[in-house]
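Okay, structure first, notes after.
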Amino acid sequence: MNKVICINDKIKPFNETINIDGDKSLSIRFAILASLAEGKSRAFNLLKSEDVLSTLNCLKKLGIKIIIKKNYCEIFGKGLNGYFYKNDLTLNAGNSGTAARLLSTAALNSPKFIRITGDNSLKKRDMKRIIKPLEKFGAQFKKNKGTLPLFIKGSDRLKPIKFSENLGSAQVKSVVLISALLSSNKITILKCKPSRTHTELLFKYLKIPITIKKTNKFDYIKIRGKKSFKGFNYKIPGDISSASFLIVLTLLSKNSKLTIKNINVNPSRTGIITILNKMGAAIKLKNKKIYKGENTADIFVKSINNLKAINLPKNFNNSTAIDEFNLIFLCAALAKGVSTFQGLLELQSKESKRLDWGFRMLKMIGIKSEKISNHGIKIWGKPNLKLNKNYIIKDYLKDHRIAMTSIVLALTLGGNFKIYNPDSIKTSFPSFKKIIKNLGGKIN
């Protein structure tokens with residue numbers, strides 16, 4: 001039987017300071033790079049979500065020793081050629097597209113075919129985007145349908161490549177960078193649309209030979225492979241994508257304030273703050289610091305009564321908010337005026353088709369919206385919207401972000417909500433419901 005949670009009351013005013021779980025993108029990248037390092041690495045505040053635990057389990061299957069303590073995680077790397085390849089090896093990434101795509105690089109040194117798979121939701125997601133660069137490096141595929149499971153074997157003649165990445169996908173970029181690290185000691189050249197920069201920042205911190213030139217439309221990255229590096233320690237800051245649900249909860253609640261401590265505010269991730277501030281929010285970053293190349297800060301947000309509609313510019317880098325647009329749609333639903341957003345095709349390639357879910361949820365709560373050109377959406381806001389009907393959220397393919405958006409919607413707008421499959425939230429933010437309850441939200 002599917003689990004279900006019920007929400008029948010709006011959240012009461014709150015004024016709190018909190019800490020949240022470690023950044024998921026950084027946690028997965030730390031684990032993979034620590035496994036390729038020489039010697040012990042230790043991470044503090046590693047996110048213990050299902051996605052990260054799936055990554056660690058895959059690394060264990062590759063012969064990597066991992067010890068998880070209460071306050072930290074230790075990974076004992078064996079170098080660039082240190083993975084052990086058993087016969088009929090299967091790496092199961094669960095629901096994590098990041099883990100599945102980045103761990104595909106583990107096959108590059110394998111003399112045997114490795115099977116990479118995931119849950120039913122992940123099996124629907126596009127893997128063609130990583131197959132092309134991996135084949136250029138020298139990987140071999142069989143039974144290739146462009147989705148999971150993938151069967152990949154490496155080569156003893158891996159070579160550097162030139163590759164253009166035109167999707168703005170940080171996962172594809174990371175696959176190319178890690179593959180280049182594992183290939184020959186010659187230079188791989190990558191031309192890519194701007195996206196999350198965590199992998200290249202970690203490479204710089206680890207003194208892996210990488211150079212980056214930025215232009216208005218593309219980043220040009222050069223990397224020399226076969227550069228070994230030592231184990232390292234990392235204190236992982238909080239996740240801006242997870243924090244976004246609490247930001248919007250506070251913004252749309254009555255007479256509330258929230259400070260979220262030590263969050264990763266890498267500029268390639270803070271699009272939601274930029275957009276919401278353009279809509280009239282006054283979200284502030286305090287105690288700004290640089291930690292091993294990453295920007296961190298405390299985020300302060302308070303309630304607002306008068307959100308403004310936004311016509312998001314066509315040249316806005318949507319990748320900086322790609323996981324948060326359903327929350328932004330919710331804010332637009334309460335803004336005064338008509339909001340427009342374009343260039344959102346990548347939303348359809350997530351755990352669920354999130355742009356379609358945006359339309360579905362807006363229609364459900366009585367908000368007019370329509371599809372516009374360039375994979376866009378137009379939303380007619382209702383600033384005084386209040387809900388008093390029964391609403392059901394289900395069949396969203398274990399998309400954790402749809403589940404959390406629904407909880408924020410229910411706690412701020414009222415109505416009687418039934419939200420199915422709430423355990424999907426453990427994919428990225430296992431402490432979310434506990435934090436909501438600590439803020440006073442009633443989840444039954």
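None of the figures in this text is laboratory data; all of them are computed from the coordinates on show. In this text, all values refer to a predicted model and were calculated from it rather than measured experimentally. Ideal geometry is used to build each Cβ from the backbone, glycine not excepted, and the neighbour counts take in all protein chains shown.
Table for the structure above
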quantity	calculated
Charge tally in the Cβ shell below 11 Å around K65, where Lys, Arg are +1 and Asp, Glu are -1, K65 excluded	+2
Mean residue ellipticity (222 nm) of the chain, computed from DSSP H runs ≥ 4 via -39,500 (n - 2.57), nearest 500	-8500 deg cm²/dmol
For the chain: Kirkwood Rh in Å [reciprocal of mean 1/r, alpha carbons]	22.4 Å
Cα→Cβ-extended label distance, 7 Å offset, between N19 and W380, nm	4.8 nm
Residue order, fewest to most beta carbons within 10 Å, for M364, M404, M279	M364, M279, M404
Part-to-part distance (alpha-carbon centres) for the range 157-207 and the range 231-276, which is given in Å	27 Å
Whole-angstrom gap from the range 1-29 to the range 359-405, using each part's C-alpha centre	20 Å
Of K70/K292; K3/K363; K159/K226; K159/K222, those spanning more than 18 Å from alpha-carbon to alpha-carbon	K70/K292; K3/K363
Cβ-based net charge around K193, under 15 Å, with every Lys or Arg adding one and every Asp or Glu removing one	+4
Fewest-first sequence of V172, V338 by Cβ atoms within 10 Å of each Cβ	V338, V172
Most positive-pole-ward Cα, P160, G146, I130, against dipole of the range 118-173 from beta carbon charges	G146
Radius 11 Å from Cβ of F218, net charge of other residues (Lys, Arg +1; Asp, Glu -1)	+3
Cα lying deepest toward the dipole's positive end in the range 24-235, options S54, V175, A107, charges on Cβ	V175
Helix axis angle, 400-413 relative to the chain longest principal axis, alpha carbon, degrees	20 degrees
Computed E for K214/R157 - FRET, C-beta separation, R0 35 angstrom, nearest 0.05	0.60
Sequence-distant residues sharing a close amide H with L91 (under 5 Å, placed H)	R115, I116, T117
Residues E165, E135, sorted so that the one with the fewest Cβ neighbours within 10 Å comes first	E135, E165
